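The values are calculated or read from the model by the stated rules, or taken from the named source; none is laboratory data. Bear in mind the structure is a predicted one, so any value in this text is a computation, not a measurement. Cβ atoms come from the backbone with ideal geometry, glycine included; neighbour counts cover every protein chain shown.
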Amino acid sequence: MRDKIKGIVESKSFENFILAVIVVNSVAIGIQTAKPGGALSWGLAMFDWVCLGIYIIEAVLKIIAWRGEYFHSGWNVFDFAIIVLCCLPVGVLPFPVQVARVFRVFRVFRVFRLISAFKEMRVIIEAIGRAIPGVLWTAFLLLIIYYVFAIIGTESFGAAFPEWFGDIGRSFYTLFQVMTLESWSMGISRPVMEVFPWAWAYFVPFVLASAFIIVNVVVGIIVDVVDQARTAEEREERLERQSVEGYDAKKDLVEQVRQLKEQAERVEALLADSGLGKTESR
């Protein structure tokens, strides 16, 4: 019985069915925000309960099939937590009406299940999680830059522009606006430069350090980790294929060589189109 259930939950048709339910349920939740009323409202509410029942059945089947291994996957824990939140009995909870309304919003969390349903999105989320330590150190470096420039700005421009640099808190907020490049030139820096002509030497280095260098460092960290995550995912898929009965290692190696050859041909074509390939003929 357990093997039969395991075969069902691991089948591609079951995964596609759950994915279709998640997508349709997400659309239905969006339609409900318009408060259509009448039979449509009742039908959407019933469909919402049906979808929740399907999610509960899915979780129960997977727990039966995989037992304790079900909770070894972070994505399964994520899905299970969403189901629990959606099952909270709002009507009987000892909370004020305002808090109860917040709990009703938890059902929209089901849309997040689309993340776990697509492998590509799972890779991106996992990569972002792995990139957090590097991003945090970069954020700490940015905080130091903020602190130094906030003190300089408060001491230099605070008396003339108290609304922007009156204290270190206001200077932090002003520098955040400058970093986002939102009206920083005409709205902040040029008015300051009219009183302090040398102020460009304050704003330009900060913009270069925060808006360009630091942001690009963060992007580089995330891109590198995403690439590592994709490589790890491909390695796991290759190992799974190797564990399948009848796997031909030689055929798989030939396929990898073929893919590398196609990539090399595309690179050569790009070089030829850019004109770099003509250097040999010269």
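Find the residue count for segment 8-51, including only residues that are touching a residue at least 40 places away in the same chain (Cβ under 8 Å) and either farther than 23 Å from Ala81 by Cα or outside any helix (DSSP H, G or I) (or both).
So the count comes out to 1.
If you take the residues in segment 128-138 that are among the hydrophobic types (A, V, I, L, M, F, W, C) and touching a residue at least 24 places away in the same chain (Cβ under 8 Å), which one is farthest from Phe78 (Cα to Cα)?
Checked segment 128-138; the qualifying residue farthest from Phe78 (Cα to Cα) is Val135.
So is Ile125 in contact with a Ser or Thr (Cβ under 9 Å, 6 or more places away or on another chain), without any contact (Cβ under 8 Å) to a residue 60 or more places away in the chain and within 30 Å of Val23 (Cβ to Cβ) or not?
yes
In segment 43-51, is there at least one residue being among the β-branched types (Val, Ile, Thr) and modelled with pLDDT of 85 or more?
Yes, segment 43-51 contains a residue that is among the β-branched types (Val, Ile, Thr) and modelled with pLDDT of 85 or more.
Looking at Pro162, is it free of Cβ contacts under 8 Å to residues at least 40 places away in the same chain, in contact with a Lys or Arg (Cβ under 9 Å, 6 or more places away or on another chain) and of a type outside the set (A, V, I, L, M, F, W, C)?
yes
Which condition number in (1) closer than 16 Å to Leu114 by Cβ; (2) free of Cβ contacts under 8 Å to residues at least 12 places away in the same chain is the one that Ile54 fails?
(2)
Against the definition (modelled with pLDDT of 70 or more, part of a helix (DSSP H, G or I) and of a type in the set (Val, Ile, Thr)), how does Val135 come out, yes or no?
yes
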